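> Following this message is one structure expressed as structure tokens.
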Amino acid sequence: MKKRVYLTYPKEQVKEPLLYHVAQLFKVVTNIRQASVSDKIGLVALELEGEPEAIENAIKYFIEKGVKVEPIELDIIE
Amino acid sequence: MSYMKALKCRECGKEYAKEALHVCELCFGPLEVIYEYDKIKEVLTREIIEKRAPNMWRYRELLPLDNEPSVGAQVGFTPLVRAHNLGKALGLKELYIKNDAVNFPTLSFKDRVVSVAISRARELGFKIVACASTGNLANSVAANAAACGMESYVFIPYDLEKTKIMGTIVYGATVVGIKGTYDEVNRLCSEIAGKYGWAFVNINIRPYYAEGSKTFGYEIAEQLGWKLPKNIIVPMAGGSLITKISKSFKEFIKLGFVEDTGTKVFGAQATGCSPIINAVKEGSELIRPVKPNTIAKSLAIGNPADGYYSAKVMRESGGWGESVTDEEIISAMKLLAETEGIFAETAGGVTLGVTKKLIEQGRINKDESVVVCVTGNGLKTQEALNGHLSEPTIINSRLSEFEDLVKANGKEYVVKA
């Protein structure tokens with residue numbers, strides 16, 4: 001399956017190669033579609049491809065590292 | 001006859017068929033409806049519009065439907081009130097309130113977007129309509145779905161106060177409370193939208209849904225006598241409305257219905273949730289998400305989908321953005337009610353409070369026309385005023401006590417013989 005998410009890296013994680021780690025730790029293909037990185041914040045539009053459980057674990061990993069994971073639609077609750 | 005041409009990515013420009021799509025497969029950019037303006041110009045005139053019934057469908061050539069709307073026939077054409085009293089209080093020569101507090105059927109501008117979304121969803125063959133909402137959107141989806149006999153689902157955080165959902169459940173919608181953080185609720189809704197073949201009005205139907213907001217702008221232009229205002233102040237949650245009002249003005253200019261008189265577009269948010277305003281003030285293109293903390297719940301979107309585009313609209317029009325505190329919101333709600341007899345929801349307090357600030361800052365010229373956008377009804381957010389209004393005076397049922405009260409208030413009235 002494929003899942004599209006926006007990642008928001010906090011300042012402390014901007015320099016960390018989290019996408020590399022995620023691909024190494026879990027069986028997921030990471031595909032960056034858009035990105036904007038400064039020394040204060042990092043924004044990445046990402047497509048994750050793999051088994052549902054692997055994708056779920058990858059998302060959990062991002063969250064544990066302090067990265068905000070949101071659907072590509074951003075805030076849906078109006 | 002439909003003049004809707006295609007869906008187009010706002011980022012990379014790739015075009016897509018008029019289906020239930022909302023993000024570009026290539027770059028994940030949002031999709032927007034595009035029209036055949038040359039053909040619209042041949043068939044639509046101001047005179048034709050004026051002869052039509054007073055509802056938002058009088059601009060139907062500019063809305064994203066292939067056929068006639070199948071729900072919400074009476075939505076729109078709400079009053080544009082010339083606000084003399086409030087204008088005097090603010091020192092403005094020409095002030096108007098566009099009043100969607102009385103929009104039909106659920107008393108907010110959301111009926112505009114939802115009636116377009118559901119009509120389009122039915123054209124695309126959907127049987128179930130859904131949304132994730134804690135307020136106005138939920139009310140509107142539930143009511144409009146009921147009106148056309150569709151099944152509806154509304155997703156909310158599980159701990160939302162019961163009073164907030166009465167105006168949704170009453171229409172027979174299935175309301176699902178989801179346990180988890182705000183982010184988790186958000187992610188699950190996106191997953192459900194992706195997995196089930198339902199019309200999620202603000203997800204997979206969003207390009208069509210958002211177009212309904214343009215009618216708010218068309219009406220202002222027509223009600224001003226086919227003129228654009230010099231200044232307009234718009235409340236911002238996800239930021240869609242402000243971009244669509246701007247689009248509506250540009251379309252009317254393109255069709256030759258109004259002159260381009262350079263409208264400055266201003267955005268309003270609550271200080272407790274102002275990610276777009278922060279970006280405007282910092283001159284940044286990046287919208288940094290915030291955790292909302294404000295009484296203006298209908299504007300409490302911490303990571304607005306159209307934040308970037310809203311900031312662009314303000315910047316390019318020569319407008320600006322401001323925010324107001326909860327105290328300022330309440331004070332503005334009272335001012336609007338006391339001067340114009342309009343009871344707006346908290347978002348209306350945000351918009352008027354910000355207008356006041358922009359005048360004080362000299363960003364709005366007091367001699368120019370100003371339109372303040374009211375998008376929802378105060379009866380829906382009454383709890384925000386708890387403890388902020390005077391209490392009624394209680395007396396015994398004796399005439400003398402009433403007369404003492406009049407005297408105590410320093411009043412004197414003529415008594416009939």
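Every number here is computed from the coordinates shown, using simple stated rules; none is lab data. Here the structure is a predicted model, which is why all the values come from computation and not from measurement. Don't worry about glycine lacking a Cβ; one is built from the backbone with ideal geometry, like all the others, and counts go over all protein chains shown.
> If each residue's Cβ is checked for other Cβ atoms within 10 Å, how do B:323, B:70 rank with the fewest at the top? Write down the numbers at each step before the final one.
Working: B:323 27, B:70 17.
Fewest to most other Cβ atoms nearby, the residues stand as B:70, B:323.
> Same structure, new question: Computed over the Cα atoms, what is the radius of gyration of chain B divided by 2.2 N^0.38 Å, N being its residue count?
On the way: Rg = 22.1 Å, N = 417, 2.2 N^0.38 = 21.8 Å.
Normalised Cα radius of gyration, chain B: 1.02.
> Quick one: P(r) of segment A:2-71 from all Cα-Cα pairs, 5 Å bins, percents rounded to integers, in order of increasing distance.
So the P(r) values, bin by bin, are 4, 19, 31, 29, 13, 4, 0.
> Additional query: How many angstrom lie between the Cα centre of segment B:35-96 and the Cα centre of segment A:1-74?
Spelled out, the Cα-based centre of one part sits 43 Å from the other.
> Given springs between every Cα pair under 10 Å in a Gaussian network model of chain B, which of B:112, B:206, B:52 has the largest fluctuation?
Of B:112, B:206, B:52, the Gaussian network model singles out B:52 as fluctuating most.
> Could you give the Stokes-Einstein D for segment B:125-204 in µm² per second, using the C-alpha Kirkwood radius, 37 °C, 0.692 mPa s? Spell out each step's value before the answer.
On the way: Rh = 12.5 Å.
Roughly 263 µm²/s, to the nearest whole number.
> Here is a further query. Could you work out, residue by residue across B:189-198, how many beta carbons of other chains sit within 10 Å of that residue's beta carbon, and then give the average as an integer?
Numbers: counts 4, 9, 2, 0, 3, 5, 1, 0, 0, 0.
Going residue by residue through B:189-198 and averaging, the value is 2.
> Output the relative contact order of segment B:201-349, whole-number percent, from Cα pairs under 8 angstrom with separation of 6+ residues.
On the way: 261 pairs, mean separation 34.2, N = 149.
So the answer I get is 23 percent.
> Of A:2/B:244; B:98/B:356; B:8/B:244, which pairs sit farther than 20 Å apart, going by alpha carbon to alpha carbon?
Working: A:2/B:244 31 Å; B:98/B:356 16 Å; B:8/B:244 15 Å.
Among A:2/B:244; B:98/B:356; B:8/B:244, the Cα-Cα distance tops 20 Å for A:2/B:244.
> To the nearest 20 debye, what charge dipole does segment B:125-204 have about its Cα centre, counting +1 at the Cβ of each Lys and Arg and -1 at the Cβ of each Asp and Glu?
Values: 6 positive and 6 negative charges, 27 e Å.
Approximately 120 debye in magnitude.
> Mean-square fluctuation check for chain B, GNM, Cα pairs under 10 Å: which of B:215, B:351, B:339 is largest?
Most flexible of the set in this elastic network: B:339.
> Dividing the alpha-carbon radius of gyration of the protein assembly as shown by 2.2 N^0.38 Å (N being the number of residues), what value is obtained?
Working: Rg = 23.8 Å, N = 495, 2.2 N^0.38 = 23.2 Å.
Dividing the Cα radius of gyration by 2.2 N^0.38 Å gives 1.03.
> Note down the net charge around residue A:25, summing +1 for each Lys or Arg and -1 for each Asp or Glu among other residues with Cβ under 12 Å from its Cβ. Please list the in-between numbers first.
Details: positive: A:27, A:60, A:65; negative: A:64.
Net charge in that neighbourhood comes out at +2.
> Quick check: Cα centre of segment B:129-154 to Cα centre of segment B:315-392, how many Å?
Computed from Cα coordinates, the inter-centre distance equals 28 Å.
> For segment B:123-163, with equal point scatterers placed on the C-alpha atoms only and solvent neglected, what are the log10 I(q)/I(0) values from the Debye formula at q = 0.15, 0.29, 0.34, 0.35 1/Å, to two decimals?
-0.37, -1.03, -1.19, -1.22
> Okay, next question. So what's the projected area for segment B:195-326, the Cα convex hull averaged over all directions, in nm²? Present the calculation step by step, with values, prior to reporting the outcome.
Working: hull surface 36.5 nm².
About 9.1 nm², averaged over all directions.
> Would you mind counting up the charge near residue A:8? Only other residues with Cβ under 10 Å from its Cβ, with Lys and Arg at +1 and Asp and Glu at -1. Could you put the intermediate results ahead of the total?
Working: positive: A:68, B:288; negative: A:70.
Charge balance near residue A:8 sits at +1.
> Once you have all Cα-Cα distances for segment B:169-218, histogram them in 5 Å bins from zero and send the whole-percent values.
4, 16, 17, 21, 20, 13, 7, 1, 0
> Tell me the mean residue ellipticity at 222 nm calculated for the protein assembly as shown from its helices only (DSSP H runs of n ≥ 4, each -39500 (n - 2.57), averaged over every residue, nearest 500).
Numbers: 17 runs with 179 residues, N = 495.
The per-residue figure over the protein assembly as shown is -11000 deg cm²/dmol.
> Please report, in debye to the nearest 20, how large the charge dipole of the protein assembly as shown is about its Cα centre when each Lys and Arg carries +1 at its beta carbon and each Asp and Glu carries -1 there.
Roughly 520 debye, rounded to the nearest 20.
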